[in-house]
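Below: the structure, in structure tokens.
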Amino acid sequence: MPQEVDVLKISNDDAAFILGKSGRTKEKIARVSGAELDLFEQSLTLEIRGSEAERRRAKKYVECVMAQRVGPVTIDDDSEDDDLTVIQVPTEAVGFVTGSQGNFLRQVEEEWGTLMFFADFRGRGSGREVPPASPSSPYNAS
């Protein structure tokens, strides 16, 4: 049975950001979502192939990457994907979590097969408080 395809029109700047250095960001989104991504720079389109759930996750992750390019990422946890772990990072620890030029964040993403963003989180239900991470667990990747 042929896979369904979703097509997104993107800007030239978004295409470069989605692709990432040596195609790593696009590969990471594909690996984490389970979808196949094809970026066509001539037509500025991104084709996403996979199951409905894989395509939905890939689109969500692509949107986060594009948002990160222009400002803060906002995540509304109104989906039923169960693919989100939120950790509050104290301001004084942001530099440590990020690492030099984002290297520690990328290392954690690679090791745990996840995507990580600093984001404004809006949980289910208005005003949901996000508990701080426990001191024994500086991050939690799922």
If you take every residue apart from W112 with its C-beta less than 15 Å away from the C-beta of W112, what net charge results, scoring Lys and Arg +1 and Asp and Glu -1? -1
Charge context of N12, other residues only, Cβ under 13 angstrom, K/R +1, D/E -1: -1
Take the solvent-accessible surface of the protein heavy atoms, probe 1.4 Å, and return the percent of it on segment 1-108 that carbon and sulfur atoms account for. 49 percent
Taking only protein heavy atoms and a 1.4 Å probe, the highest-to-lowest accessible-area order of V70, V65, V7, V86 is V70, V7, V86, V65
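The values are calculated or read from the model by the stated rules, or taken from the named source; none is laboratory data. All of these numbers come straight from a predicted model, not from anything done at the bench. Every residue, glycine among them, receives a Cβ derived from its backbone with ideal geometry; neighbour counts consider all protein chains shown. Calculation scope for accessible area: heavy atoms of the full protein, side chains included, ligands and nucleic acids excluded. Shrake-Rupley method; radii C 1.70, N 1.55, O 1.52, S 1.80 Å.
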